[in-house]
Amino acid sequence: MDQPEPEPYWNTNVARHPGVLRAVPEGCGEALDVGCGDGLLALKLAGRARRVTGIDVSPEMIARSRDRAGGRPGLAFVEGDFLTADLPAAGYDFVCSVTAVHHMDFAAALTRMRELLRPGGTLMVVGLARESSPAEWAALVAAAPLVRITKVVRRARSPEGMPVADPQMGYGQVRATAQRLLPGVHYRRHLLRRYSLTWHKPDPRAH
């Protein structure tokens, strides 16, 4: 396994990278990073999987990804719309996405990820949603001071030109939709305004 390199920058998305990497199954052959941005996570995944594909709709981000990868073997990037791009069905042992799924139709994105995952494979989505209940707003207000301090201490920043969008779905909607499309999914709410979904695709051959 490759030794981790120092982070070129830190933000609330990069903070979730260690959890994503821990979810990669042992002996992972093919991994897919959906909404790969500038390729930082994909490069880390290349230390856990034999082959990694990153996909992003932004030409600028894909160009940065390829530059960051420096022609590393087993690491490829696709410019295109994840929902319609030509990707192999049931072709990946691990599919992940970090704060990109709210840029797409959520149900369609989860369905596509499910279809691209091999039986026995693992899916991990880190996402951003909006507060839509009094309890969620209360949690946001309570966590705000710690979030601000963490961002200042860690000098949080994002790469210039990274596409941004406001989430349209609330956390409750996200959880309900994920449970409908991914039976048995593990949903978790994180402090720095993120949630995660972890799902293992059933493998009929294992029974």
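The values are calculated or read from the model by the stated rules, or taken from the named source; none is laboratory data. Note that the structure is a prediction, hence the values are computed from the model and not measured. Quick reminder, even Gly has a Cβ in these numbers, built from the backbone with ideal geometry, and neighbours come from all protein chains shown.
Taking only segment 39-64 into account, find how many residues are surrounded by fewer than 17 Cβ atoms within 10 Å (Cβ to Cβ) and among the hydrophobic types (A, V, I, L, M, F, W, C).
Here the count works out to 1.
Among the listed residues CYS36, CYS28, identify the single one that is within 22 Å of GLU115 (Cα to Cα), in contact with a strand residue (DSSP E or B) (Cβ under 7 Å, 6 or more places away or on another chain) and buried (at least 24 other Cβ atoms within 10 Å of the Cβ).
CYS36
Filter segment 10-29 for residues that are of a type in the set (Gly, Ala, Ser) and more than 12 Å from the chain's Cα centre (by Cα); which is modelled with the highest pLDDT?
GLY29
Could you list, in sequence order, the residues of segment 168-199 that are within 15 Å of the chain's Cα centre (by Cα) and part of a strand (DSSP E or B)?
Result: HIS186, TYR187, ARG188, ARG189, HIS190, ARG194, TYR195, SER196, LEU197, THR198, TRP199.
May I ask you to verify whether THR84 is surrounded by fewer than 23 Cβ atoms within 10 Å (Cβ to Cβ), within 29 Å of ASP166 (Cβ to Cβ), at pLDDT below 95 and not aliphatic (A, V, I, L, M)?
Judged against the criteria, THR84 is not a match.
How many residues are among the hydrophobic types (A, V, I, L, M, F, W, C), in a strand (DSSP E or B) and in contact (Cβ under 8 Å) with a residue 60 or more places away in the chain if we restrict to segment 29-84?
Going through segment 29-84 one residue at a time, the tally reaches 3.
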